[in-house]
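Chemist: Please see the structure below; I have some questions.
Throughout, read-outs are computed from the coordinates displayed, never taken from laboratory work. On a predicted model such as this, the values are computed, not experimentally measured, just so you know. Cβ: placed from backbone, ideal geometry, glycine included. Neighbour counts: every protein chain shown.
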Ligand code: HPA
C-alpha cells in the first residue's frame, strides 16, 4: 500500500460499512463526475450517498457545480460508485490529494473507472456542446501524483502508452450514438488553472497536439493506471477555447452549457454502463 491508499482506505471503509448495511455489493464501475456531469448520478439507483464532509479524512470540495459526495448503488443494473465532484489542484490540493477520490473508489472495489470533465475545445473543427472521448492526454501541469510514492507491490514507472482503454473508448463512442450525442475523440490537455487560457496559449497548445483543455483528469488517469484500473475519459466541450469564439469564458457559462446537456450526458453514462 502506498501513502495515498493508506489515506483512502479508512475513508472507503466508512462508505463500505454503509453499503454493507444497505445490502449492496461492492462497486466495480466507478465514475468521477466533473462539472456538468453530476446529473448522471440521477440515473443511478443510489443506495448510499455520503457528502465528502461527512467522511472523516476526506478533504472538502469547494467548487460551484460540484456536490462533493460519493454516491453508490447501481447504474443500468451494474454495481457502481461515483464521486460527485473532485479535488482540483487549483484549489490547492497537491496531486497526491487530488487523486484521493480515485483511491477511495479503488479501495471500494472499482476496477473500471470513467473520468469525466468539462473542457474547452482547442480543435477548431469541434463544437461547443459536443462530447470528446479522451484518446490520450498531455499532462501540462508537470506534477505527478506518483512523486514520492513508495509501495513495494507496484512500480512508479507506469506505462502510459495506452492509458485510455481502447475497448472502453469504443463503448463510450457507441454509448454516445445510443444517447444521440455528437461525439469526437481526441487529446485532452490538463492545465493547472484556475485562470482560463490566453488565445496565444491556446494556439501553442493546439500546435502541441491538444484537442481540448481542462483542469483535471490527467493526474487521476496516471494514478488509476498505477493501480491497474481500466480507465476511460470523456470531456463535455462546454465552450470553444480562448480566441476560437467571440466573447469570454466563465465558469458560469461552463456550468450553464453543461446544465442544458445534463440529460444527454446522464444518458451517455447510462448507455455506457449498459454496454459493460
Ligand atoms: N479552459 C480550461 N478549462 C476549462 C475550459 C477552458 O476553456 N472550459 C471548461 N474547463
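Chemist: At q = 0.07, 0.12 Å⁻¹, what is the log10 ratio I(q)/I(0) for the chain, with the Debye formula run over Cα points and no solvent?
Modeler: The computed values of log10 I(q)/I(0) come out as -0.22, -0.66.
Chemist: Measure off 7 Å from each Cα along the Cα-to-Cβ vector at residue 22 and residue 111, then give the distance between these two points in nanometres to one decimal.
Modeler: Placing both labels 7 Å beyond Cα along the Cβ direction yields 2.3 nm.
Chemist: At a Förster radius of 25 Å, what calculated FRET efficiency corresponds to the Cβ-Cβ distance of residue 230 and residue 259, to the nearest 0.05? If you can, show how the numbers build up before the last one.
Modeler: Working: r = 30 Å, r/R0 = 1.19.
So, using R0 = 25 Å, E works out to roughly 0.25.
Chemist: Still on this structure, I have one more. Run the Debye formula on the Cα coordinates of the range 26-110, all scatterers equal and no solvent, and tell me log10 I(q)/I(0) at q = 0.12, 0.22 1/Å.
Modeler: Scattering profile of the range 26-110, log10 relative to I(0): -0.31, -1.03.
Chemist: Next question, about the same structure. Among 220, 17, 107, 201, which comes first, then next, by fewest other beta-carbon atoms within 10 Å? Walk me through the numbers on the way to the answer.
Modeler: On the way: 220 28, 17 11, 107 21, 201 17.
Listing 220, 17, 107, 201 from fewest to most nearby Cβ atoms yields 17, 201, 107, 220.
Chemist: Taking the range 194-251, how much of its Cα-Cα pair set, in percent, is spaced more than 14 angstrom apart?
Modeler: Working: 1036 of 1653 pairs.
Beyond 14 Å sits 63 percent of the P(r) for the range 194-251.
Chemist: Separate question: Per residue of the chain, what 222 nm ellipticity follows from adding -39500 (n - 2.57) for every DSSP H run with n ≥ 4, rounded to the nearest 500?
Modeler: Details: 8 runs with 89 residues, N = 276.
The per-residue figure over the chain is -10000 deg cm²/dmol.
Chemist: Give me P(r) over the range 224-276, computed from all C-alpha to C-alpha distances, binned every 10 Å, as integer percentages.
Modeler: Going from the shortest bin to the longest, the percentages are 19, 36, 29, 16, 1.
Chemist: Compute the normalised compactness of the range 104-182: alpha-carbon radius of gyration over 2.2 N^0.38 Å, N being the residue count. Could the numbers behind the result be given before it?
Modeler: On the way: Rg = 15.8 Å, N = 79, 2.2 N^0.38 = 11.6 Å.
Dividing the Cα Rg of the range 104-182 by 2.2 N^0.38 Å gives 1.37.
Chemist: Also, I was wondering about something else. Given the options 159, 178, 45, state which has the largest fluctuation in a GNM of the chain using a 10 Å cut-off (strictly under) for Cα springs.
Modeler: Result for the chain, Cα springs under 10 Å: 159 fluctuates most.
Chemist: If you don't mind, there's one more thing I want to ask. 7 Å from Cα along Cα→Cβ at both residue 149 and residue 207: what's the point-to-point distance in nm?
Modeler: Modelled inter-label distance: 3.4 nm.
Chemist: Hey, what angle do you get for helix 218-227 against the long axis of the chain, alpha-carbon based, 0 to 90 degrees rounded to 10?
Modeler: Around 30 degrees separate the two axes.
Chemist: Right, something else. Could you quote the convex hull projected area for the range 149-276, Cα atoms only and averaged over all directions, in nm²?
Modeler: Details: hull surface 37.7 nm².
Mean projected area for the range 149-276: 9.4 nm², to one decimal.
Chemist: Give me the three principal axis extents of the range 5-164 from the C-alpha atoms, as integers in angstrom, largest value leading.
Modeler: Ordered largest first, the range 5-164 gives principal extents of 49, 40, 29 Å.
Chemist: Okay, next question. What value does the range 143-201 have for Rg/Rh, both radii from Cα atoms and Rh as Kirkwood defines it?
Modeler: Ratio of gyration radius to Kirkwood radius for the range 143-201: 1.10.
Chemist: Hey, another quick one. Give me the distance between the Cα centres of the range 171-221 and the range 1-36, rounded to whole Å.
Modeler: 27 Å
Chemist: A follow-up question, please. Can you pull the percent of Cα pairs in the range 85-240 with separation above 18 Å? Working shown, then result.
Modeler: Working: 6903 of 12090 pairs.
It works out to 57 percent of all Cα pairs.
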